[in-house]
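Where a number appears in this text, it was derived from the coordinates with a stated rule and is not lab data. Note that the coordinates shown come from a computational prediction; the quantities given were computed from them, not determined experimentally. When we count neighbours, we look across all protein chains shown, and the Cβ atoms used for this are built from the backbone with ideal geometry, even at glycine.
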Amino acid sequence: MTTNNFEKYVNLADARLDSKAIYVTDDWFAEVNRMLQPDAPVWKEGVYDDNGKWMDGWESRRKRHEGYDYAIVRLGVPGTVKGIDIDTSYFTGNYPPSASIDACFCPEGDPNEDTQWQELLPAVSLQGDSHHLHAINDGRPWTHLRLNIYPDGGVARLRVYGIPHRDWSLQSADESIDLAAALNGGRALACNDEHFGRMSNIINPGRGVNMGDGWETARRRTPGNDWVILALGHPGEIDRILVDTHHFKGNYPDSCSIQAAFVKGGTDEQIETQSLYWSELLPSQKLQAHQEHEFAEQINKLGPVTHVRLNIFPDGGISRLRLFGKISK
């Protein structure tokens with residue numbers, strides 16, 4: 001996997017998922033939970049507080065003794081980590097020269113002095129005002145991460161891209177769940193355009209907070225339509241669909257349709273090509289501004305599927321897509 005694919009996975013350290021720093025050695029200059037915020041970091045020229053220059057991230061004091069600083073983060077949802085981004089945006093003369101990350105799996109609570117930590121990312125060099133992307137080749141699930149910075153300094157954002165962990169053997173085959181939800185392992189694989197909003201937003205939890213918290217394409221000036229492909233968290237049979245255009249008023253799609261298939265193998269790029277010929281799960285449906293659209297009777301019975309392709313005509317913005325159904329064992 002290349003680092004370009006990180007954002008196809010959910011950010012397990014996102015504060016919107018209730019991720020939180022439960023311990024920090026020092027956050028004198030900038031409160032540690034700022035680095036878990038979903039928005040890109042910002043620079044506030046000339047803004048100071050009682051402890052110094054206001055920075056959008058976590059920043060510790062200059063260390064005057066042996067040791068290093070670290071923060072322990074409880075992930076909002078346990079998961080397998082695929083990639084990490086240590087972002088030092090706007091930290092220029094105050095970034096750590098290096099950092100590492102340890103991880104543990106504590107499903108029943110928070111770690112303690114007896115917890116066995118495992119090295120997830122060995123010490124790597126950092127630069128100022130930069131993204132540091134690192135692929136992680138480890139299939140184990142984790143609940144907590146420990147970000148170590150050597151010896152001190154500031155990190156604007158910590159992004160931990162991965163797949164939420166769920167024991168599907170415990171899931172009842174009679175219960176309907178959102179098979180596409182990011183928290184259930186759903187992923188946005190590809191789209192033809194995401195000019196104003198990222199494709200992965202449409203499977204995030206909750207309703208969108210604004211237009212930027214959805215998927216929105218540029219205005220189409222050529223024939224055709226826009227689309228996005230999703231991988232379900234588990235194969236299942238979809239029996240209810242919700243398309244939400246919340247906040248999209250003058251820029252919602254005129255209509256939408258959904259194709260689906262049960263895909264066996266193949267890379268993301270191959271799946272993109274195959275999607276042209278998938279069966280129609282939801283025939284074209286008219287959409288309205290700023291509202292939820294629920295479909296059930298209109299859904300074609302295709303049996304279990306693993307992937308869907310949402311087509312919007314001709315362009316515009318979708319806030320959320322929910323694909324409810326029962327898993328196939």
Open item on the list: Under a crude label model (7 Å from the Cα following the beta-carbon direction), how far is S172 from F105 in nanometres?
Closed with: 2.7 nm
Task: Structure-based [θ]222 nm, the chain - -39500 (n - 2.57) summed over DSSP H runs of at least 4, per residue, nearest 500 - done: -500 deg cm²/dmol
Open item on the list: Just to be sure I understand: with springs between alpha-carbon atoms less than 10 Å apart, which residue in A30, A103, A218 has the highest mean-square fluctuation in the Gaussian network model of the chain?
Closed with: A218
Open item on the list: Could you order the peptides 181-190, 129-138, 301-310 from most to least packed, using the average number of other C-beta atoms within 10 Å per residue?
Closed with: 181-190, 301-310, 129-138
Task: Net +/- balance of residues flanking R74 in space, Cβ distance below 15 Å, scoring K and R +1, D and E -1 - done: -2
Task: Given charges at beta-carbon only (K, R positive; D, E negative), |dipole| of the chain in Debye - done: 620 debye
TODO: Provide the packing ranking of 152-158, 35-41, 114-120, i.e. peptides ordered by the mean count of other C-beta atoms within 10 Å per residue, highest first.
DONE: 152-158, 35-41, 114-120
TODO: Using a Förster distance of 22 angstrom, determine the FRET efficiency expected from the C-beta separation of S125 and D49, and round it to 0.05.
DONE: 0.15
Task: Dipole of the stretch 216-258 [Lys/Arg +1, Asp/Glu -1 at C-beta], most positive-end residue of P223, C256, H246 - done: P223
TODO: Could you pull out every residue, at least 5 positions away or on a different chain, whose amide H is within less than 5 Å of the one on K82? Hs are placed 1.01 Å off N in the peptide plane, and Pro or chain starts have none.
DONE: Y161, G162, I163
Task: GNM top mover of Y70, Y48, Y150 - the chain, alpha-carbon springs below 10 Å - done: Y48
Open item on the list: Running a GNM on the chain with Cα contacts under 10 Å, which residue among D174, D102, D239 ends up with the highest mean-square fluctuation?
Closed with: D174
- [ ] Find which of G83, I327, N192 sits farthest along the positive direction of the dipole of the chain, computed with +1 on the beta-carbon of Lys and Arg, -1 on that of Asp and Glu, about the Cα centre.
- [x] N192
Task: Positive-end residue of P151, W278, L126, charge dipole of the chain with Cβ unit charges - done: W278
Open item on the list: Once you keep just the Cα pairs under 8 angstrom separated by 6 or more residues, what percentage relative contact order results for the chain?
Closed with: 19 percent
Task: Most to least packed among 13-24, 223-234 [average Cβ atoms within 10 Å] - done: 223-234, 13-24
